[in-house]
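Quick note: the coordinates plus some simple rules give every number you see, no bench work behind them. These numbers were taken from a predicted model, which means no experiment stands behind them. Cβ coordinates were reconstructed from backbone atoms using ideal geometry, including for glycine residues, and neighbour counts include every protein chain displayed.
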Amino acid sequence: MASLNLLIGVCLGYVTLLFGVAFVAERAAARGKGAWLRSPLVYTLSLSIYCTAWTFYGAVGYAARSGMEFVTIYLGPSLVMIGWWWVLRKLVRIGRTQRVTSIADLISSRYGKSNTLAIIVTVMAVIGVTPYIALQLQSVTLSLSIFADPSGATDGGMNLLSAGFWVALGLALFTVLFGTRNLNANERHDGVVIAVAVEAVVKLIALLAVGIFVVWGISGGITETMARIDASEIGQWHMDRSRWAALTVLSGAAFLCLPRMFQVLVVEHDDERHLHIASWAFPIYLMLMSLFVVPIAVVGLDLLPAGSNPDLFVLTVPLSQGQDGLAILSFLGGFSSATSMVIVATLALSTMVSNHVVMPIYLSLQGEGATVSGDVRSVVILSRRASILIIIALGYLYYRISGGSGALAAIGLISFAGVAQFLPSMLGGIFWRGATRVGALCGLVTGFTIWIYASLLPSFGTDVVLSQSVFDMGPLGINWLRPQALFGVDGLDPTVHAVLWSLLLNTGAFVVGSLVSFPTPLERLQGAQFVNIFAHSGHARGWSASVAESEDLMIMAQRILGAREAQDLFRTEARKQGVDGHLPEPTPDFLQRLERELSASVGAATAHAMISQLVGGTSVSVQDLMAVADESAQLLEYSSQLEAKSSELSHTALQLREANAKLTQLSVQKDAFLSQISHELRTPMTSIRSFSEILRDTKRLSGEEKTKYASIIHVEAIRLTRLLDDLLDLSVLENGQVSLNEATGAMDDVIDHAVATTQAGGATLRIARVNGPVRVMVHTDLDRLAQVFINLVSNAQKYCKADVPELTIELREEQGNVEVYFTDNGVPIPNDTRALIFEKFARIDDQDGSGAGLGLAICREIMARLGGDIFYLPMTNGNRFVVRLPQTLALAAQ
Amino acid sequence: MGKEQNPPVFLERRSYRQRRLMDALRLLPLVGMMLWMVPVLWPVADTGDVPPIKMSQAITYVFAVWLALIFATAGLWSRLNDVSSGNPSDDDAETTGP
């Protein structure tokens, strides 16, 4: 018979070992050598916290009472793991991309980061899990008492309540030490996870050892055991059909929704490949855990005296056979089951309580919210430690009040039904974009209320909270509100009844609430991201960060992430943005990243609230979205305007360049002309001076010579006069001071006059006339027009270098204009000088220097005065000048 | 979501095989659920003239289904690993499907 003291010694040694393992794991992880901590095996083993002391002790008791029904508790989780592709895969991906820290965080984050939802889920989880923690304390103390008094009849002089207290204190200590050691960015606890994995191995080995001892040691083999089972009082198939199905579904739901399961499934791990392996490895674990349950129960019923507590057969069967070592191993298995569950459950709950209840209250009490000074990290850690102590204290309190009453399995199922209320909101949130915050609130509150009324309160027994009359007649005599026969549905098993109604109405309220309400933009964005997590793991929602100051963000981040981590984060971001120094620009991307980092430490809702306090905009409103859309539309318009302006500018610049080139050319020509005209003026002046000097100084000149010299002087004087006349003429025309001498005449006559004038000296130019069908009359200054024609004809005479120079003068009426074509057969004017021929002083290859370069300029001025036009048309072999007069002038003449 | 402009109508053999394996994997929990709900239909001790199923048979049935499911899941997992080792990206493409 193992003494109680020996047992306590073994326990302490075992706990010390766990501390050591956790410590080594934390050290390894801190040194970056923790890869083995993240293996699929550890992941699978850590999932085993599903198997608590309830499973370890309670399953055998359950089997002794109800036969195979106990196995439903394992079937549900097995199906969920085998069907990982449907739900778990999505949950793990969402947990990784959204940095989810708990199931409350997941639900709150999905429904627009609502803190109300987070608080409701947290409170529900605490209420739902507290009985479960009490259950673990109860099972440990019960098992201790067995060693004190194997008959189990009395408590063997051992104070069960104080034993429970010491167990609770030890668990709290372990959780505080390894669960809140640091405020990890990923909310991971390597020490805890590895300790849980070790405990998983211990409890599996313990149960298998007891099972093997029972099957081969006591019964004598598999066949004999089977025969013994069939011969026992549970040897015939006996079941409540509704419970079989309902419990399978319920355990599957609880597997997903239990805060501690969410912690190990989603939060502590993020490698999806581990999930693939666990999908078959964890069902193996569950199968092995339940393999020997029925044999142990049957042998216990056989060997032990009637009235022994079947919940403790795992211990009492080896003890009754004198197998103290096996009993101690079995005790350690039960102890492991209890401690690992309590540690992880408290850890998960404390994260939720601290993130969603304590921190928001603390921040709002601070008044200035996120901008207070000092390190918030210590506050977060302190609040977590306090939460751990409070939750374990609550569990202990429940244990004291309930006095360790009730079968283990019954308490466990109540807890399961409570947390299963999260299922509709969670599954709806990740599969249905139409799910809204209002719907989730309605569903959760409805389901939870029904659960409390139909499952939790009746579990205390009659006349504790609910009186017998309420059970029999319903509250206030309303018959259809009887807690175990809602809506008059009588005769159902109480657990099935509570699960059915709470989940049904929960789902109903959730769906209806979602259908009739309208989500906020943030909810819709989050919903789209959660539901389509595989399509786009990115994030659509952005902060408009114009108001946010990097320094404020830095101060806040330092207080939550820690100075070094925050500085690292900001420096990395600054480097990524290409900014010098430590402070990056508060771009929406960066704010998004920062929010996610913070949410890993304090939860999504709190992180969102903190950033929004600094940034200004509390959330994305439709107005914001529209403003953003407007802004981008304006930007587009502005940029297209800029584009148009820039092309206009480049066009203008081109024109300016052309004008500049022309001006430069003109300036060069003017300089050339000035020297030319001074030369032109000097030549006649020189001959006039020389010949007049000869006439004055030479005494003996013949009359013939005198006449010759005088006529030379005369011709030169005329040439000078003509030059000066031209300049004067042009100047007058340009200044618009010319008075037109208008008269009506035939165009032909004007042309004839011009030709006759130019041909007077007997020229070599052949002139051909092409006249139109009718005689065209014009009303204009005929003399000026004649001057233009004369100029054109004499130009042709002077410059046409063809062998047989020929000028064709053609009169046409075209599109309301009268046009006269002067076409010669000379060398076409070169391309580069065409633009200049109508300019003043422009002279093209003027060899004899007789022209002043004013003729065409004068022509253009005259035509402009007359309301017409003159322009040049290049021909393939020749030149064509066109003189155009508007038809109105011609019509007026008729 | 319109990201790929023209997804091919037919997949190459390996992707096709992979998708059918995924289908089997998805069906597996439903099969398990159905098999494990069979005990609901068994005659029980209290009612009827039909003799109830023996407990040893019930245990054998439940654990046989369990083993079969575990082997099926593990088998599909290793097959998927073999098939998809060449193109791991196809997994994500699959998820956008129905």
Completion exercise
Close lysine pairs (chain A; alpha-carbon distance under 25 Å; 8 or more apart or on separate chains) counted at 8
Problem - the range A:424-541 - percent relative contact order, Cα under 8 Å, separation 6 or more - result: 41 percent
Handout entry: 222 nm mean residue ellipticity, helices alone, for chain A (DSSP H n ≥ 4; -39,500 (n - 2.57); rounded to 500)
Key = -21500 deg cm²/dmol
Practice task
Mind computing the radius of gyration and Dmax over the alpha-carbon atoms of the range A:424-541? Å is fine for both.
Solution key: 18.3, 57
Fill in the blank from the handout: In the neighbourhood of A:S336 defined by beta carbon distances under 9 Å, the net charge of the other residues (Lys, Arg +1; Asp, Glu -1) is 0
Completion exercise
Scoring only Lys, Arg, Asp and Glu (+1, +1, -1, -1) among other residues with Cβ under 13 Å from the Cβ of A:P805 yields 0
Handout entry: 13 Å beta-carbon shell around A:T248, net charge (K/R +1, D/E -1)
Key = 0
Exercise for the section: Express the C-alpha Rg of the range A:739-892 as a ratio against the empirical globular expectation 2.2 N^0.38 Å, rounded to two decimals. Expected result: 1.00
Practice task
Take the alpha carbon gyration tensor of the range A:1-134, find the square roots of its eigenvalues, order them as a ≥ b ≥ c, and report rounded if a/c is under 1.5; if not, report prolate when a/b exceeds b/c, else oblate.
Solution key: oblate
Problem - Cα centre as origin, Lys/Arg/Asp/Glu Cβ charges: chain A dipole, Debye - result: 1520 debye
Handout entry: ³J(HN,Hα) computed for each position of the range A:239-248 - Karplus, 6.51 cos²θ - 1.76 cosθ + 1.60, integer Hz, glycine/proline x
Key = 7, 8, 4, 5, 5, 4, 5, 5, 5, 4
Fill in the blank from the handout: Magnitude of the Cβ-charge dipole (Lys and Arg +1, Asp and Glu -1) of the range A:391-493 about the Cα centre, nearest 20 debye, reported as 420 debye
Exercise for the section: Could you please rank A:F471, A:F70, placing first whichever residue has the fewest other Cβ atoms within 10 Å of its Cβ? Expected result: A:F471, A:F70
Practice task
Would you mind checking the tilt of helix A:160-179 against the longest principal axis of the Cα atoms of chain A, expressed as 0 to 90 degrees and rounded to 10?
Solution key: 20 degrees
Practice task
Could you work out the relative contact order of chain A, using alpha carbon pairs under 8 angstrom and six or more residues apart, expressed as a whole percent?
Solution key: 14 percent
Practice task
Any chance you could list the semi-axes, whole Å, largest first, of the equivalent ellipsoid that the Cα gyration tensor gives for the range A:624-733, using √(5λ)?
Solution key: 72, 12, 7
Exercise for the section: May I ask you to evaluate 6.51 cos²θ - 1.76 cosθ + 1.60, the Karplus curve with θ = phi - 60°, for each residue of the range A:651-660 and list the ³J(HN,Hα) values in order in whole Hz, giving x for glycine and proline? Expected result: 5, 4, 4, 4, 4, 4, 4, 4, 4, 5
Exercise for the section: May I ask for the angle, rounded to the nearest 10°, between helix A:72-82 and the longest principal axis of chain A, with both axes built from Cα atoms and the value confined to 0 to 90°? Expected result: 30 degrees
Practice task
Could you go through the range A:107-116 in sequence order and give the Karplus-derived ³J(HN,Hα) for each residue, using 6.51 cos²θ - 1.76 cosθ + 1.60 with θ = phi - 60°, rounded to whole Hz, and x for Gly and Pro?
Solution key: 5, 5, 5, 5, 9, x, 6, 7, 6, 4
Practice task
With only alpha-carbon atoms counted, please give the Rg and Dmax of the range A:711-787, in Å.
Solution key: 16.2, 49
Handout entry: Cα-Cα P(r), the range A:178-325, percent of pairs per 10 Å interval
Key = 9, 28, 30, 23, 9, 1
Fill in the blank from the handout: Diffusion coefficient in µm²/s returned for the range A:677-813 by Stokes-Einstein, Kirkwood Rh over C-alpha pairs, 37 °C and 0.692 mPa s, is 178 µm²/s
Fill in the blank from the handout: Using the Kirkwood radius over Cα pairs of chain A, the Stokes-Einstein translational diffusion coefficient at 37 °C and 0.692 mPa s, in µm²/s and rounded to a whole number, is 91 µm²/s
Exercise for the section: Kindly express, to the nearest 10 degrees and within the range 0 to 90, the angle between helix A:324-353's C-alpha long axis and the longest C-alpha principal axis of chain A. Expected result: 40 degrees
